[in-house]
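A short worksheet on the structure shown next.
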Amino acid sequence: MSLLQIEGLGIDFGGLRAVNDVGFSLKPGEIVSVIGPNGAGKTTLFNMISGIYAPSRGRVVLDGEDVTRLPPHLLARRGLSRTFQNLQIFQSMTVLENAVAGHHLHDRGSVFADLLALPASRRRTRASEASARALLDRVGLGRACQQEAGSLSYGALKRLEIARALALKPRVLLLDEPAAGCNAVETEEIDHLIAQVADEGVSILLVEHDMKMVMRISNHIVVLDHGEKIAEGEPAAISRNARVIEAYLGAQATEVQNADG
Amino acid sequence: MIMRPSNKVVTLVILAAIILIAPIFFPSSYYFRVGSLIFVNGLAVTGLVILLGYAGQISLGHAGFVGIGAYACALAPVHLGLHPALAAILGAFLSAVIAFLVGRPILRLKGYYLAVASLGFGILVSMVLSNEAQLTGGPDGMPVPELGLRAGLKTIGIDLSNTEFWYALSGLVLVVGAWLALNLYDSSTGRALRALHGSEVAARTVGIDVAHYKLQAFIISAVYASVSGSLLALQNKFVTPDIAGFLHSIEMVTMAVLGGAGSVFGAILGGAILTTLPQVLTVFQEYEQLMLGLIMMLVMIFMREGLLPAIARRLRGRGE
């Protein structure tokens with residue numbers, strides 16, 4: 001049984017069909033990658049699934065429940081979280097506070113308890129901080145806890161976003177180019193991290209341009225071009241698909257086949 | 001490094017110490033009066049820190065809530081027979097309800113749209129207070145009854161002059177207000193507010209109900225403004241619609257931004273400076289307003305994050 005089901009999803013921007021009739025599904029613990037050239041509609045698709053855009057057509061079904069057009073904070077309550085291609089960090093908060101903020105659904109309580117700093121409120125904050133520190137250690141940011149988030153490098157911010165999204169304890173995690181701007185070592189670390197998270201049963205939907213990484217960790221690949229799905233299947237099949245090579249892989253094809261072989 | 005856990009304690013200790021020690025140096029009772037005005041303004045500005053500094057939402061109409069708190073103390077004792085202290089609580093409750101009703105539609109707006117809508121609300125309140133002359137005495141204002149607490153203190157042996165009493169009470173309320181605001185900063189609610197300030201879209205994806213939290217910040221800051229208005233009306237024993245006016249709203253936002261909207265202590269400092277500066281600048285006589293405007297412009301140009309954060313940054317920079 002699939003955990004996340006996308007059916008015929010599409011959106012128009014002022015008469016322009018940005019994405020049309022895209023469908024696929026994710027099983028628990030599965031890593032599905034969405035690839036395609038720039039402007040193919042990958043991020044738009046993510047924005048529809050995560051409730052930031054309201055799709056014009058189609059359905060998003062999470063664990064059997066129709067969640068199409070639910071706002072992001074209600075999707076988060078149902079266990080869907082995401083990161084962003086263009087970083088969305090709480091810049092003026094510390095690294096630790098960013099990760100703690102990800103625990104919002106687990107530590108929110110009465111505003112009066114928060115104003116009066118009642119023991120219950122402080123206990124919730126302490127629990128979130130302990131969990132946040134563990135998550136930051138996991139993404140290699142344990143030492144940066146007290147730094148202002150704005151002072152981190154691009155690669156570190158990418159990992160901070162992942163830690164913040166994991167804080168939600170999601171069932172489905174959408175990662176929009178988690179390795180963009182990272183060096184080879186960082187990419188490998190993110191690669192391991194994603195595989196680990198999937199092993200724990202979290203379904204991962206990934207947009208990524210690093211084809212080596214995509215081919216290595218994906219269970220399933222969906223290819224978009226001009227807002228439409230042109231192919232889907234296992235990595236090996238996708239890397240040999242003539243239409244995919246023409247539309248996207250092109251020059252990368254040799255590289256991909258080498259990685260594949 | 002950002003100073004954090006000790007921040008709250010340090011702020012409260014410094015604030016309480018200043019309030020307690022300053023009177024030693026007061027040459028006349030006039031200074032108690034200035035002090036209590038600083039505390040009353042500081043309280044309203046502390047509320048704005050929660051809205052502006054934590055949540056990043058502007059309001060140019062908060063004097064409207066100051067007016068509601070002030071007129072509650074003038075009207076409720078006369079018409080409902082309430083004790084003035086209960087009238088202040090009623091005013092705070094009424095402000096919270098009005099903030100809830102007004103905040104829901106206008107907090108959907110962003111940036112200057114929100115600024116203009118909140119401005120409209122402030123103007124509305126001051127218009128009602130001016131025009132309902134039968135009830136409020138119109139632009140001429142109306143008297144406010146004696147709080148009566150000072151007489152009560154006298155019977156238990158604490159004999160304070162009028163200005164001393166208001167200095168002490170306003171100072172006490174300010175410390176409590178600062179304590180609540182600082183508690184909020186490091187709590188789940190405070191983090192939600194600061195998160196939506198940083199990135200609304202990211203806040204929503206971690207499960208923060210952005211509209212709900214903006215509304216909470218608006219209501220809390222309205223209650224601060226209302227209590228500040230009640231204290232002002234009760235110590236002046238008289239109130240006019242100017243208290244709810246546009247200029248007062250602008251003054252409050254300016255105090256917050258000048259001192260540093262993100263920090264409670266900074267905002268209180270901003271309130272202190274803008275309350276005392278006009279008195280100090282009277283030495284420039286007709287150029288007083290000119291000097292005030294010039295100082296505000298210079299601070300914003302050279303210390304954009306506000307006085308206190310800018311000074312703190314410079315001190316830290318030197319220490320390292």
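A short reminder: the numbers here are calculations on the coordinates, not readings from a lab. All figures in this text were calculated on a predicted structure; none of them were measured in a lab. Positions of Cβ are backbone-derived with ideal geometry, glycine not excepted, and every protein chain shown enters the neighbour counts.
Observations on the structure shown:
- Residue-normalised convex hull volume from the C-alpha trace of the protein assembly as shown: 186 Å³ per residue.
- Taking chain B and dividing mean pair separation by its residue count, relative contact order in percent (alpha carbons under 8 Å, at least six apart): 33
- Counting, for every residue in A:94-100, the Cβ atoms of other protein chains within 10 Å of its Cβ and taking the mean gives 3.
- Cross-link partners of A:Lys27 among aspartates and glutamates, defined as those whose alpha carbon lies under 16 angstrom from its own and excluding same-chain residues fewer than eight positions apart: A:Glu7, A:Asp63, A:Glu65, A:Asp199, A:Glu200, A:Glu232, A:Glu234.
- Peptide A:68-81 has a mean of 3 when you count, residue by residue, the C-beta atoms of other protein chains within 10 Å of its C-beta.
- Full extension of the chain between B:Ile295 and B:Phe25 gives 94.6 nm of extra length, using 0.36 nm per residue less the Cα-Cα distance.
- Additional length obtainable on full extension of the chain from B:Leu247 to B:Lys154, 0.36 nm per residue less Cα span: 29.7 nm
- Across all C-alpha atoms in the range A:74-210, the radius of gyration and Dmax reach 15.0, 49 Å.
- Too-long pairs where the Cα-Cα distance tops 31 Å, listed order kept, from A:Lys169/A:Lys212; B:Lys110/B:Lys237; B:Lys8/B:Lys154: B:Lys110/B:Lys237; B:Lys8/B:Lys154
- For the range A:12-19, 3J(HN,Hα) per residue [Karplus equation, 6.51 cos²θ - 1.76 cosθ + 1.60, θ = phi - 60°, Hz, x = Gly/Pro]: 10, 10, x, x, 8, 7, 6, 9
- The B:Glu286 and B:Ile18 beta-carbon pair, evaluated with R₀ = 25 Å, returns a calculated FRET efficiency of approximately 0.15.
- Helix content alone sets the calculated 222 nm mean residue ellipticity of chain B: runs of n ≥ 4 DSSP H residues at -39500 (n - 2.57) each, divided across all residues, give -24500 deg cm²/dmol.
- For trypsin sites (Lys or Arg not before Pro), the sites in the range A:15-90 that DSSP calls loop and that have at most 14 other Cβ atoms within 10 Å are A:Arg69.
- Computed over the range A:89-168: relative contact order in percent, which uses C-alpha pairs under 8 Å that are six or more apart: 51
- Interchain or long-range residues, amide H under 5 Å from A:Leu224's placed H: A:Ile35, A:Gly36, A:Ile230
- FRET efficiency, B:Val78 to A:Ala134 (Cβ-Cβ, R0 45 Å, nearest 0.05): 0.15
- Debye intensity ratio I(q)/I(0), log10, the range A:89-168, q values 0.19 Å⁻¹ (C-alpha model): -0.73
- Efficiency of FRET between A:Arg77 and A:Gln146 - r from beta-carbon atoms, R0 30 angstrom, step 0.05: 0.50
- For B:Leu60, the residues 5 or more places off, or on other chains, whose built amide H falls under 5 Å of its own are B:Ser118, B:Leu119.
- Remark: spin-label model distance A:Leu118-B:Asn7 equals 2.4 nm, labels positioned 7 Å along the Cα→Cβ axis.
- MRE, 222 nm, helices only [DSSP H, n ≥ 4, -39500 (n - 2.57), over chain A, to nearest 500]: -11000 deg cm²/dmol
- A straight Cα-to-Cα reach below 20 Å connects B:Lys214 with the aspartates and glutamates A:Glu97, A:Asp107, A:Asp114, B:Asp186, B:Glu200, residues fewer than 8 places away in its own chain not being considered.
- 14 Å cut-off, amide nitrogen to a point 7 angstrom out along A:Val61 Cα→Cβ, residues in the range A:67-97: A:67-68
- Across the range B:252-264, computed HN-Hα scalar couplings (Karplus, 6.51 cos²θ - 1.76 cosθ + 1.60, θ = phi - 60°) run 4, 5, 4, 4, 5, 6, 4, x, x, 4, x, 10, 4 Hz from first to last residue, x flagging Gly and Pro.
- Coupling constants for the range A:176-187 follow from the phi torsions by the Karplus curve (6.51 cos²θ - 1.76 cosθ + 1.60, θ = phi - 60°), and in residue order they are 9, 6, x, 9, 4, x, 9, 7, 4, 5, 4, 4 Hz; glycine and proline get x.
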